[in-house]
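Remarks on the structure that follows.
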Amino acid sequence: MTSGTQDREPFEAAPLDRSSSFYVAGHRGLVGSAIWRNLEAEGFTGLIGRTSSELDLKDRDAVFAFFAETKPRYVVLAAAKVGGILANSTYPVDFLSENLRIQVNVLDAAVEHSVERLLFLGSSCIYPRMAPQPIREESLLTGYLEPTNDAYAIAKIAGILQIQAIRRQYGLPWISAMPTNLYGPGDNFSLTGSHVLPALIRRYDDAAKSGAATVVNWGTGTPRREFLHVDDMAAACLHLLENYDGPSQVNVGTGSDVTIAEIADTIAGVVGFTGTTEWDISKPDGTPQKLLDVSKLAGEGWTSRIGLEAGLRSTVKWYREHADDLRK
Ligand SMILES: NC(=O)c1ccc[n+]([C@@H]2O[C@H](COP(=O)([O-])OP(=O)(O)OC[C@H]3O[C@@H](n4cnc5c(N)ncnc54)[C@H](OP(=O)(O)O)[C@@H]3O)[C@@H](O)[C@H]2O)c1
């Protein structure tokens, strides 16, 4: 186990060793699978992944046994209970309790085994509902959270604080990244668990196929959101692991946003829906705007590459090709 001292060699930006053991927690999820694909493409040969049925990260003894057996040198924690507004407001305690347990177990076991580099993934919902836009990393813990996902956000904030505390207590150069809304191959398109963008793709694609005249969406369509392709996110994760060492979480996004109505129009065009869109304003909008300030990440030498329309086209193509084996 690591000694509990803060003394360590100064961090030097350098490529990770491609042959070392590298555990991607949540390797079948949207983010984890993209990270896995990117690491494979980058030549990593020691990748380790476990599904939740092979290793339930809520099971502390099982997590410690897994780390003792596999001894990963590097870890990305992309396993979490994740969902959209509906799931978050219906099952808040599951989002709080399960995510806290997953994080605490993985981070404690990783400390026990002195994992060299570890990246914890949170989400932009950690920031206050009325944080000044675009949201800087310094906005963390400066105001009230969006109530529809506050339980999930508190779990993620606890994860950031745990990383900072581990850095202080054990001197390990572990880091946190906060992605904006992500989309891409492998997303969750289920009716109850999906985020806004895959939910819209499914709704418009179904409407285009059935020849429906109208699509009805939740809310007013006016909230502004930022979307990052998950392959960009995966590239940013490796970049940060190889180049960044600091206690502050790092925002990961494109730096520009669109309204939900604009993204709905773009998706309608991509799937070939020619009817009209209506907005059910009795349903909640969520946060009015969520745009991350990505200047810290840009200062570390990384910016996004995949444009929204091109990213949507490839996501719709993937969705159609996987219509029979999508997540329920
Ligand atoms: N999607 C987004 O827009 C977005 C935006 C910002 C941040 N993030 C963050 O990125 C991370 C991953 O999100 P995602 O979108 O990739 O989610 P996802 O597609 O739902 O994937 C979650 C992964 O976590 C694993 N998992 C969940 N509970 C587990 C458990 N008890 N034991 C072991 N594995 C478990 C699942 O494994 P199985 O598949 O084997 O069940 C799955 O692979 C989260 O921390 C999330 O906050 C996501």
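For this structure, a couple of remarks:
- Test: residue in the range 38-53 that is part of a helix (DSSP H, G or I), farther than 30 Å from GLY286 by Cα and within 10 Å of the ligand (Cβ to nearest atom): no
- If you go through the range 285-320 and keep only what is surrounded by fewer than 16 Cβ atoms within 10 Å (Cβ to Cβ) and within 17 Å of ALA261 (Cβ to Cβ), you end up with PRO288, GLU309.
- The C-beta contact set for the range 116-142 (first residue in a helix (DSSP H, G or I), second residue within 12 Å of the ligand (Cβ to nearest atom) and polar (S, T, N, Q), distance under 8 angstrom, 6+ apart or interchain) comprises SER124/THR180; SER124/ASN181; SER124/ASN251; CYS125/ASN149; ILE126/GLN249; GLU137/GLN249; GLU137/ASN251.
- Selected residue (criterion: modelled with the highest pLDDT) from residues of the range 17-37 that are on the phi < 0 side of the Ramachandran plot, in a loop (DSSP other than H, G, I, E, B) and buried (at least 17 other Cβ atoms within 10 Å of the Cβ): HIS27
- In summary, GLU98 fulfils each of the numbered conditions (1) near the ligand (Cβ under 9 Å from one of its atoms); (2) modelled with pLDDT of 95 or more; (3) over 18 Å from HIS113 (Cα atoms); (4) open to solvent by less than 40 Å² (accessible area, probe 1.4 Å) with the single exception of condition (4).
- Checking each residue in the range 87-135 for being hydroxyl-bearing (Ser, Thr, Tyr) and within 19 Å of ASP56 (Cβ to Cβ) picks out TYR91, SER97.
- Single residue of THR142, THR192 found to be hydroxyl-bearing (Ser, Thr, Tyr), away from the ligand (no atom under 12 Å from the Cβ) and closer than 20 Å to LEU96 by Cβ: THR192
- Residue count for the range 59-82, restricted to those that are more than 22 Å from ALA177 (Cβ to Cβ) and surrounded by 18 or more Cβ atoms within 10 Å (Cβ to Cβ): 1
- Every pair of residues 6+ apart whose Cβ atoms lie under 8 Å, when the first sits in the range 289-300 and is within 21 Å of MET130 (Cα to Cα) while the second is open to solvent by 30 Å² or more (accessible area, probe 1.4 Å) and part of a strand (DSSP E or B): GLN289/ARG224; LYS290/ASN181; LYS290/ARG224; LEU291/ARG224
- LEU57 being modelled with pLDDT of 95 or more and within 16 Å of the ligand (Cβ to nearest atom): yes
Listed here are the residues, each with its yes/no results for (1) in contact with an Asp or Glu (Cβ under 8 Å, 6 or more places away or on another chain); (2) crowded, with 22+ Cβ neighbours inside 10 Å; (3) not β-branched (Val, Ile, Thr).
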position	(1), (2), (3)
GLN103	no, yes, yes
HIS113	no, no, yes
LEU118	no, yes, yes
PRO134	yes, no, yes
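- Pick from the range 73-102, criterion within 22 Å of ILE35 (Cβ to Cβ) and part of a loop (DSSP other than H, G, I, E, B), ranking: nearest to the chain's Cα centre (by Cα): ALA78
- Residues that are within 13 Å of the ligand (Cβ to nearest atom) and under 23 Å from the mean Cα position of the chain (by Cα) within the range 61-72 comprise just one, VAL63.
- Among the residues of the range 143-182, the ones that are of a type in the set (Phe, Trp, Tyr), part of a helix (DSSP H, G or I) and surrounded by fewer than 19 Cβ atoms within 10 Å (Cβ to Cβ) come to 1 in all.
- When residues of the range 238-283 are limited to those that are part of a helix (DSSP H, G or I) and without any contact (Cβ under 8 Å) to a residue 12 or more places away in the chain, the one most open to solvent (accessible area, probe 1.4 Å): GLU262
- Looking only at the range 183-220, residues that are surrounded by fewer than 21 Cβ atoms within 10 Å (Cβ to Cβ), more than 23 Å from the chain's Cα centre (by Cα) and not aliphatic (A, V, I, L, M) come to 8 in all.
- Those residues of the range 8-28 which are charged (D, E, K, R) and within 16 Å of the ligand (Cβ to nearest atom), in sequence order: ARG28
The values are calculated or read from the model by the stated rules, or taken from the named source; none is laboratory data. None of these values were measured; they are calculated from a predicted model. Glycine also receives a Cβ, built like all others from the backbone with ideal geometry; neighbour counts cover every protein chain displayed. Heavy atoms of the whole protein, side chains included, go into the accessibility calculation; ligands, DNA and RNA do not. Shrake-Rupley method; radii C 1.70, N 1.55, O 1.52, S 1.80 Å.
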